[in-house]
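See structure below.
The values are calculated or read from the model by the stated rules, or taken from the named source; none is laboratory data. Please read all numbers here as calculations on a predicted model, not as lab measurements. FYI the Cβ positions are ideal-geometry reconstructions off the backbone, even for glycines, and counts take in every protein chain you see.
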Amino acid sequence: MTLDQKLNKLKNILNNYENVLIAFSGGVDSTLLLKVATMVLPKNNVLSVTAVSDTYTKEELQLAKGLAAEVDVEHIIIESNEMEDKKFNSNPPERCYYCKYIRFNKLKELARNRGINYVLDGANIDDLSDYRPGSKAVQELDVKSPLQEAQLTKNEIRDLSRELGLKTWNIPSVSCLASRISYGDPISKEKLLKIKNGEDYLKSLNFYPCRLRHHGNLARIEIPVNKFNDFTSRARDVYQYFEKLGYTYVTLDIMGLRSGSMNETIKER
């Protein structure tokens, strides 16, 4: 299918839903989904909801608020509270399943209370090729993934976003802070704050996008390969800052920035 055909398919899917609640993170995917939903449905039939917790940064929340206002659609913020779940906090490989189940359960309840028929997420067709335990929760709770149904890839979503004038078309992909912690290492607010402070420092040095992967007392830094030379000149500064955060060892991952690198241990198994 051409990109226009996929867009038309997405519009038809959304039109058949009649009224929807969209899990809205403010990322590339959910922003496009929200925009297209308001193009085919009355705006009072579209509700955007952002679930927040310690794994979601204040900057991401501010972006989501601003985008929902630009699209001119009702936006609700709820607390997801997955940090209170022991199974989630123990950080097993299926961590995302517990998080998604908790979050979408709350969204389903909100949808029922508002008389909304469908809850939607922003999963795209590329997500099917990665380890995504959260997709099991999506299926169990009958959450719909229209972008996936329309067979839209991440790059196609970016292209459509640009055509529709969405400023999210070229922003880096984001993921929750918990995804930075190696499986089996319990999740805590202290570790999440430590990771956020480390990434904020890297961004202040213009190493963006970036990921700080937390392996106990070792920090594994992922940045784009084309920034390696710049990083070398600031390596001592980075080490000294990370040492203050509590890391004994600081490493630069020579494979560069990549999504889901913590899942590589799962693939090995």
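For residues in region 73-90 being in contact (Cβ under 8 Å) with a residue 40 or more places away in the chain and hydrophobic (A, V, I, L, M, F, W, C), which is surrounded by the most Cβ atoms within 10 Å (Cβ to Cβ)? Ranking the candidates gives PHE88 first.
Would you check if TYR118 is more than 17 Å from the chain's Cα centre (by Cα) and of a type in the set (Ser, Thr, Tyr)? For TYR118, the condition - more than 17 Å from the chain's Cα centre (by Cα) and of a type in the set (Ser, Thr, Tyr) - is met. When region 149-180 is filtered for residues that are part of a helix (DSSP H, G or I) and either more than 16 Å from the chain's Cα centre (by Cα) or free of Cβ contacts under 8 Å to residues at least 12 places away in the same chain (or both), the ones remaining, listed by number, are GLU149, ASN155, GLU156, ASP159, LEU160, SER161, ARG162, GLU163, LYS167. Of the numbered criteria (1) more than 15 Å from the chain's Cα centre (by Cα); (2) within 16 Å of SER179 (Cα to Cα); (3) in contact (Cβ under 8 Å) with a residue 40 or more places away in the chain, the one TYR98 fails is (3).
If the requirement is being in contact with a helix residue (DSSP H, G or I) (Cβ under 8 Å, 6 or more places away or on another chain), modelled with pLDDT under 95 and not basic (Lys, Arg), which of these qualifies: GLY260, GLY246?
None of the other options fit; the residue is GLY260.
Got a sec? Which of LEU107, LEU14, LEU63, LEU32 is of a type in the set (A, V, I, L, M, F, W, C) and within 21 Å of LEU193 (Cα to Cα)? Testing whether each residue is of a type in the set (A, V, I, L, M, F, W, C) and within 21 Å of LEU193 (Cα to Cα) leaves just LEU63. If you go through region 1-51 and keep only what is modelled with pLDDT of 95 or more and of a type in the set (D, E, K, R), you end up with LYS6, LYS9, LYS11, ASP29, LYS35.
Answer yes or no: is there a residue in region 208-222 that is hydrophobic (A, V, I, L, M, F, W, C), over 25 Å from the mean Cα position of the chain (by Cα) and modelled with pLDDT of 95 or more. No, because not a single residue in region 208-222 is hydrophobic (A, V, I, L, M, F, W, C), over 25 Å from the mean Cα position of the chain (by Cα) and modelled with pLDDT of 95 or more.
Of the residues making up region 185-213, those that are touching a residue at least 60 places away in the same chain (Cβ under 8 Å) and of a type in the set (D, E, K, R) number 3. Only residues that are surrounded by 17 or more Cβ atoms within 10 Å (Cβ to Cβ), touching a Phe, Trp or Tyr at 6+ places or on another chain (Cβ under 6 Å) and part of a loop (DSSP other than H, G, I, E, B) were counted in region 101-144, giving 2. Can you tell me which residues in region 98-132 are under 27 Å from ASN155 (Cβ atoms) and of a type in the set (Ser, Thr, Tyr)? Selection gives TYR118, SER129, TYR131.
Exactly one residue out of GLY216, GLY260, GLY256 is surrounded by fewer than 18 Cβ atoms within 10 Å (Cβ to Cβ), free of Cβ contacts under 8 Å to residues at least 40 places away in the same chain and under 15 Å from ILE181 (Cα atoms): that is GLY216. Where residues in region 76-100 are part of a helix (DSSP H, G or I) and out of contact with any Phe, Trp or Tyr (no Cβ under 8 Å at 6 or more places or on another chain), which of them is farthest from ASP130 (Cα to Cα)? Among those that are part of a helix (DSSP H, G or I) and out of contact with any Phe, Trp or Tyr (no Cβ under 8 Å at 6 or more places or on another chain), it is GLU84. When we screen LYS227, LYS189 for residues that are over 25 Å from ARG132 (Cα atoms), out of contact with any Pro (no Cβ under 8 Å at 6 or more places or on another chain) and among the basic types (Lys, Arg), the only hit is LYS227.
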